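Presented below is the structure to which this report refers.
The values are calculated or read from the model by the stated rules, or taken from the named source; none is laboratory data. Since the model is a prediction, treat every value here as computed from it, not as a measurement. So basically every Cβ, Gly included, is an ideal-geometry build from the backbone, and we count neighbours across all protein chains shown. Areas reflect the complete protein model, heavy atoms only, side chains present, ligands, DNA and RNA absent. Shrake-Rupley method; radii C 1.70, N 1.55, O 1.52, S 1.80 Å.
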Amino acid sequence: MARNIFVTGATSGIGLCIAETYAKHGDNVLISGRRAELLGEVQARLSKEYGVRVETLVLDVRSREDVESKVPAAIEAFGGVDVLVNNAGLAQGLDPFQDSAVDDAVTMIDTNVKGLLYVTKAVLPFMIDKNEGHIVNMGSTAGIYAYPGGAVYCATKAAVKTLSDGIRMDTIATDIKVTTIQPGIVETPFSEVRFHGDAERAKSVYAGIDAIQPEDVADVVLYVTNQPKRLQISDVTIMANQQAAGFMVHKK
Ligand code: NDP
Ligand code: 8X3
């Protein structure tokens with residue numbers, strides 16, 4: 001039976017690919033992000049290509065007010081939610097902590113930690129009512145291994161992993177599952193966002209690496225949410241063959 005999947009940050013990169021992977025699998029998707037025009041384009045393409053229901057929600061996860069007012073209404077209209085993929089997130093800057101911009105740090109914490117928290121709080125009551133559901137949180141190898149210039153980004157991803165573990169404990173009496181996905185370097189617009197639009201510098205991150213692609217991550221997300229009720233996959237860490245830890249890569 002088709003499930004209802006809510007993906008945040010579905011206008012680009014990994015989230016877009018996750019939404020498409022579920023649509024291809026025959027599930028309905030509620031896609032969100034800040035860029036309304038992109039959401040409309042993705043909605044038109046996925047519904048046409050896969051014949052599933054695709055709904056959109058223009059949302060800045062940093063706005064607690066917006067999340068609290070818009071998310072429950074969108075889920076009601078969607079007819080409930082089986083899987084929440086908390087994917088919206090970003091890095092800003094790669095300067096040493098002492099030289100980094102406080103504004104960048106605040107943006108990362110507001111998006112990656114507080115945004116994920118607001119969305120999860122808005123969605124969980126629907127899952128608790130049904131006594132089931134699956135929350136998939138997008139962590140990162142950056143949450144396991146800090147790297148130079150990544151102190152705050154890495155801390156936000158460590159927080160994602162810890163939030164997931166705590167929520168799994170607090171919902172243990174329900175059939176809700178919680179999974180953290182921790183990818184290494186994935187080739188997406190992520191680095192262009194990190195370097196504030198510097199495309200050349202962004203390209204250099206992936207040069208010489210057969211980097212993992214958004215489809216690789218999306219396949220894992222689909223896999224963890226396609227397991228029998230008895231089985232909960234708590235964490236998955238994936239990285240390129242040429243990566244061994246956080247930013248530790250062997251370039252060819
Ligand atoms: P992209 O930049 O391609 O996608 C980021 C997505 O997040 C976009 O859809 C963007 O949508 C959304 N987003 C950003 N800020 C907000 C906000 N305030 N409110 C709502 N949506 C927001 O990067 P990726 O696909 O690579 O990143 C997706 C996730 O994967 C992030 O959480 C990232 O930290 C994580 N990750 C990425 C890795 C990589 O190497 N690429 C590796 C490990 C984890 P919009 O701009 O329309 O709002
Ligand atoms: C994104 C992967 O290694 O650029 O989380 O931090 S990395």
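The criterion of being touching a Leu at 6+ places or on another chain (Cβ under 6 Å) and within 15 Å of ligand 2 (Cβ to nearest atom) does not hold for Val160. Do we find a residue being buried (at least 19 other Cβ atoms within 10 Å of the Cβ), within 12 Å of ligand 1 (Cβ to nearest atom) and part of a loop (DSSP other than H, G, I, E, B) anywhere in region 225-239? Among the residues of region 225-239, at least one is buried (at least 19 other Cβ atoms within 10 Å of the Cβ), within 12 Å of ligand 1 (Cβ to nearest atom) and part of a loop (DSSP other than H, G, I, E, B), which makes the answer yes.
Can Asp104 be described as within 23 Å of Ser204 (Cα to Cα) and either in contact with a helix residue (DSSP H, G or I) (Cβ under 8 Å, 6 or more places away or on another chain) or at pLDDT 95 or above (or both)? Yes; evaluated as a whole, the condition is true for this residue.
If the condition is being open to solvent by 20 Å² or more (accessible area, probe 1.4 Å) and among the hydrophobic types (A, V, I, L, M, F, W, C), then region 140-176 contributes Ile144, Ala146, Ala151, Val152, Ala155, Ala158, Ala159, Leu163, Ile167, Met169, Ile172, Ala173.
Considering only residues that are surrounded by 18 or more Cβ atoms within 10 Å (Cβ to Cβ) and among the hydrophobic types (A, V, I, L, M, F, W, C), look in region 91-107 and name the one that is farthest from ligand 1 (Cβ to nearest atom). Among those residues, the one meeting the criterion is Ala105. Looking only at region 8-30, decide whether some residue is hydrophobic (A, V, I, L, M, F, W, C) and surrounded by fewer than 22 Cβ atoms within 10 Å (Cβ to Cβ). Taking every residue of region 8-30 in turn, none turns out to be hydrophobic (A, V, I, L, M, F, W, C) and surrounded by fewer than 22 Cβ atoms within 10 Å (Cβ to Cβ).
So for region 177-185 (the condition being open to solvent by less than 20 Å² (accessible area, probe 1.4 Å), part of a helix (DSSP H, G or I) and among the aliphatic types (A, V, I, L, M)), does at least one residue qualify? No, that holds for no residue. Kindly check whether there is at least one residue in region 122-139 that is within 16 Å of the chain's Cα centre (by Cα), of a type outside the set (Ser, Thr, Tyr), open to solvent by 40 Å² or more (accessible area, probe 1.4 Å) and more than 9 Å from ligand 1 (Cβ to nearest atom). No - not one qualifying residue is present in region 122-139.
Kindly indicate whether Ala244 is among the hydrophobic types (A, V, I, L, M, F, W, C) and more than 13 Å from ligand 1 (Cβ to nearest atom). When the stated conditions are applied, Ala244 passes them.
For Ser191, indicate whether it is within 15 Å of ligand 2 (Cβ to nearest atom), open to solvent by 40 Å² or more (accessible area, probe 1.4 Å) and of a type in the set (Ser, Thr, Tyr). Criteria not met by Ser191. Residues that are polar (S, T, N, Q) and assigned to a helix (DSSP H, G or I) were ranked within region 57-99; the one that is farthest from the chain's Cα centre (by Cα) is Gln98. Assess whether Ala218 counts as being among the aliphatic types (A, V, I, L, M), touching a helix residue (DSSP H, G or I) at 6+ places or on another chain (Cβ under 8 Å) and part of a helix (DSSP H, G or I). Criteria met by Ala218.
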